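All remarks here apply to the structure that follows.
Values in this text are rule-based calculations from the coordinates and carry no lab data. The structure presented is a predicted model; accordingly, all values stated were derived computationally and were not measured. Here the Cβ positions follow ideal geometry from the backbone for every residue, glycine too, while neighbour counts run over all protein chains shown.
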Amino acid sequence: MGAETRIRCFVDFERDGRQISHLQLPHSSNASAYGWIGIPIAVIRHGAGPTLYLGAGNHGDEYEGQITLSHLIRTLDPGEIQGRLIILPAANLPAAMAGQRCSPIDDGNLNRSFPGDPDGRPTAAIAHFIESVLLPLCDAAIDLHSGGKTLEYLPSALIRQRGAGDPLFAAKLAALKAFRAPIGYLVSDAREDRTLTAAADRVGIVAVGTELGGAGTVNLETLKIARIGVRNMLAHFGLIERAASADDGVEPRLMEVAGPEYYVHAPCQGLFEPAFELGDEVEAGQTAGSIHFVDDPATAPVEVPFGGGGTVICKRPILRVERGDCLAHLATDYAG
Ligand code: CA
């Protein structure tokens, strides 16, 4: 940190109106010796007011946010807001163009790359630009995720709780409730400091993430939750004034993902037969399913138990599994 970004940015953050541009990330490759990667950025500003970061395509195979923010960039009249939006609809552009979680250029997982490195590979350079250039301009950050190709979620928004004395906790919780996704959950793994929400903690601003759906696709419900949630965030952080309406989402069920026992992983390779559905309430020790050895049907399947009790909010939609693959994870109701 401290070193300057090599990414060139041509938007004027102080100018009113709509600017749609490309960040230029220098990338010297076999295909293009003096080339750059053009990462789309939009700034929509109208007068003085709060600044909100809106991001999607942090993981390239998570689509609700990419669709919602691209639409917002084209359709939002700057006069509708008071303040400024800084929007990256495809933050890890190479991953988004490939429809993959990680960048095909450097295998970089943007949401495991913060605080990044201005002199590093492309994904690290993007993380550094977001944390050191964009987030310090902002009062809050929204990062739209889903489960991607290998996970499927009950539609959720989430916040990161940074230890017991998190100074932003009350503001984070208020924003989580205001997003109005069906589930709003807290993640309290303070060791994971490589995510955009952790970057926001370091900068000292509130961040809200989402896990809207997944399985490599979208549905009408998750698209609607993304669209309404973004509007709710604009209202919550004071960029738009809006009276509450019946069409602004639901009071979320507040939950938490508090520890490693909330996750189920495959103990071996095989074909996983799940014994649960998304949304099921399960108990510790209850079977999550069985792993079959279809090349050797005389061998009995291996049963996989849930390590804790709670509600299944995430499952793996791909049934061929390797040892170590995450098959599901749970959440429990947040007591407050
Ligand atoms: Ca994600």
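Whole-Hz Karplus values for the range 132-138 come out as 9, 10, 7, 4, x, 7, 10 Hz, taken residue by residue from phi with 6.51 cos²θ - 1.76 cosθ + 1.60 and θ = phi - 60°; glycine and proline positions read x.
Would you mind finding the longest exposed-site-free stretch of the chain, with exposed GluC sites (Glu not before Pro) meaning DSSP loop and at most 16 other Cβ atoms within 10 Å? So the longest stretch without any such site is 15-191. With the biggest extent put first, the Cα atoms of the chain measure 68, 54, 38 Å across the principal axes. Put the Cα centre of the range 228-272 next to the Cα centre of the range 3-42 and the gap is 31 Å. Taking a straight line from the alpha carbon of LYS177, these lysines sit under 22 Å away, with near neighbours fewer than eight places off in the same chain left out: LYS224. Between 0 and 90 degrees, the angle of helix 169-179 with respect to the longest Cα principal axis of the chain falls at about 90 degrees. Sorted ascending by nearby beta carbons within 10 Å, beginning with the fewest, THR68, THR222 become THR222, THR68.
Have a look at ALA246, ALA288, ALA125 and tell me which one the Gaussian network model of the chain (Cα, springs below 10 Å) gives the largest fluctuation. Highest fluctuation among the options: ALA246. Seen against the Cα atoms of the chain and their longest principal axis, helix 64-75 is set at about 20 degrees.
Please give the peptides 32-38, 89-95 ranked by average Cβ packing (other Cβ atoms within 10 Å per residue), highest first, as a rough proxy for protection. Walk me through the intermediate numbers first.
Working: 32-38: 12.7, 89-95: 26.4.
Peptide ranking by packing, descending: 89-95, 32-38.
How do ASP193, ASP12, ASP77 line up, fewest other C-beta atoms within 10 Å first?
Details: ASP193 15, ASP12 12, ASP77 9.
Neighbour counts put them in this order, fewest first: ASP77, ASP12, ASP193.
Contact order for the range 263-333, expressed relative to its length and based on alpha carbon pairs under 8 Å spaced 6+ residues apart, stands at 43 percent. Ranking ILE44, PHE272, PRO115 by how far each Cα lies toward the positive end of the dipole of the chain (charges on Cβ) leaves ILE44 at the top.
Going by how many other Cβ atoms sit within 10 Å of their own, how do ARG162, ARG316 line up, fewest first?
ARG162, ARG316
Assuming charge only on the beta carbon of Lys and Arg (+1) and of Asp and Glu (-1), the dipole of the range 17-257 about its Cα centre is about 280 debye to the nearest 20. Spin-label pair LEU271-ASP77: with each label point 7 Å from Cα along the Cα-Cβ axis, the two points sit 5.7 nm from one another. GNM remark for the chain: springs join alpha carbons under 10 Å apart, and the peak mean-square fluctuation among PRO297, PRO122, PRO267 falls on PRO297. The ellipsoid that matches the Cα gyration tensor of the range 263-333 has semi-axes, each √(5λ) in whole angstrom, of 22, 11, 9, with the longest given first.
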